[in-house]
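What follows is a short report on a single structure.
The values are calculated or read from the model by the stated rules, or taken from the named source; none is laboratory data. Quick caveat, the model's predicted, so the values are computed rather than measured. Reconstructed Cβ throughout: ideal geometry from the backbone, glycine too, with neighbour counts over all protein chains shown.
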Amino acid sequence: MAPSSTATDTEAYVEDFTIRSLREALLPNADTPLSRCYRALFSLKSLASAAPPTPQTLPAIRAIAAGFSSKSALLKHEVAYCLGQTRNAAAIPYLKAVLQDREEDAMCRHEAAEALGALGDTESLDLLRQFRDDKEEKAVVRETCEIAVARLEWEQRNEEKPYASVFASIDPAPPLLQASQELSIPDLQATLLNTKLPLFHRYRAMFALRDLSSPPDLPTAVPAIEALAAGFQDASALFRHEIAFVFGQLSHPASIPYLVSTLSNMKEASMVRHEAAEALGGLGNEAGVEEVLKNFLSDEDTVVRESVVVALDMAEFEKSGELEYALIPKKEDILDAGAE
């Protein structure tokens, strides 16, 4: 007669099965839609970001990092973003390796650099400065390293009191403080668009405008969104992509015309159009959004095409009333596997 399992043994098995199932779902194959990979990734991100850490934390980080073996630049860049949001130093070696790999897609390397800044890894400063100062490096990587270095140096100086944003994300730059009410929306827009200022400072104005746009019924919301949209005229693709990302965080209907225009611009960089597509996915409840996205399912740009697939899944999620955009292994699958 086999010995009975203890509760601890059962819990450990369930944890192992959950991580293994999500890792398998994260790695795309011919039978796995990219949208399912995304849901698995965000499930793993939730496990990897637990505070305090749990026995699943490090396995989840390793499972996320396994996504770097994907052929999809879109998925790999999202893997880097999620690792940067874990607040866990165990993600750092994976991110450094991606940043240093000059054969890797620039969009993925940019996200790895940003993630190192988000993690507050001061030991990465020399590496980030190296790529920041490399004139032969691609602009999107060089500019991201500039912002990451500035963020880490800002944290080291610790010049300001912690800012409690309503958004849970670790941003590339902290919002300019609004407590004094001295900075108006026109002031922030002027800072946002001033190319003579460091990118880090302009990003701070960007995130201050974001915070003035939420919740959506704030009297400052629409004017702040219009100020942000002016950033789509900037010469930097990195800057334009961050504007689209912020609109994705806000999911405010006032941003829809700007996002549709950006997605529809075939001369726009793919990393910008991709962010516009996913931002529209978060607005899937709004009339006409899904129809717009479906027009780009056959886009010639792979990153955009894949982003639209993910965006349409996000739109379905918005309409479904589900509480979390995630993939949760079914309990019956766990129990069936345990019985084998």
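For (1) within 18 Å of Val141 (Cα to Cα); (2) surrounded by 24 or more Cβ atoms within 10 Å (Cβ to Cβ); (3) among the hydroxyl-bearing types (Ser, Thr, Tyr), each residue gets a yes or a no:
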residue: Ala51; (1), (2), (3): no, no, no
residue: Thr54; (1), (2), (3): no, no, yes
residue: Thr57; (1), (2), (3): no, no, yes
residue: Ile64; (1), (2), (3): no, yes, no
residue: Lys71; (1), (2), (3): no, no, no
residue: Leu74; (1), (2), (3): yes, yes, no
residue: Thr86; (1), (2), (3): no, yes, yes
residue: Ala106; (1), (2), (3): yes, no, no
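With respect to Ser255, determine if the residue is closer than 24 Å to Glu78 by Cα and either surrounded by fewer than 19 Cβ atoms within 10 Å (Cβ to Cβ) or among the aromatic types (Phe, Trp, Tyr) (or both).
Numbers: closer than 24 Å to Glu78 by Cα: yes; either surrounded by fewer than 19 Cβ atoms within 10 Å (Cβ to Cβ) or among the aromatic types (Phe, Trp, Tyr) (or both): no.
When the stated conditions are applied, Ser255 does not pass them.
Within region 17-41, the residues that satisfy the criterion of being hydrophobic (A, V, I, L, M, F, W, C), out of contact with any Cys (no Cβ under 7 Å at 6 or more places or on another chain) and either within 19 Å of Arg62 (Cα to Cα) or crowded, with 21+ Cβ neighbours inside 10 Å (or both) are Phe17, Ile19, Leu22, Leu27, Cys37, Ala40. Of all residues in region 42-74, those satisfying the criterion of being in contact (Cβ under 8 Å) with a residue 60 or more places away in the chain and either assigned to a helix (DSSP H, G or I) or within 15 Å of Asp16 (Cβ to Cβ) (or both) are Phe42, Ser43, Ser46, Ala73, Leu74. In a residue-by-residue description of region 185-203, the property of being closer than 27 Å to Glu318 by Cβ, buried (at least 24 other Cβ atoms within 10 Å of the Cβ) and out of contact with any Lys or Arg (no Cβ under 6 Å at 6 or more places or on another chain) applies to no position.
Among the residues of region 80-95, is any polar (S, T, N, Q), over 15 Å from the mean Cα position of the chain (by Cα) and modelled with pLDDT of 95 or more? So far as region 80-95 goes, yes, one or more of its residues are polar (S, T, N, Q), over 15 Å from the mean Cα position of the chain (by Cα) and modelled with pLDDT of 95 or more.
The set of residues in region 153-162 being of a type in the set (S, T, N, Q) and in contact (Cβ under 8 Å) with a residue 12 or more places away in the chain consists of Gln156 alone. Every condition in (1) at pLDDT below 95; (2) buried (at least 20 other Cβ atoms within 10 Å of the Cβ) holds for Lys161 except the one numbered (2).
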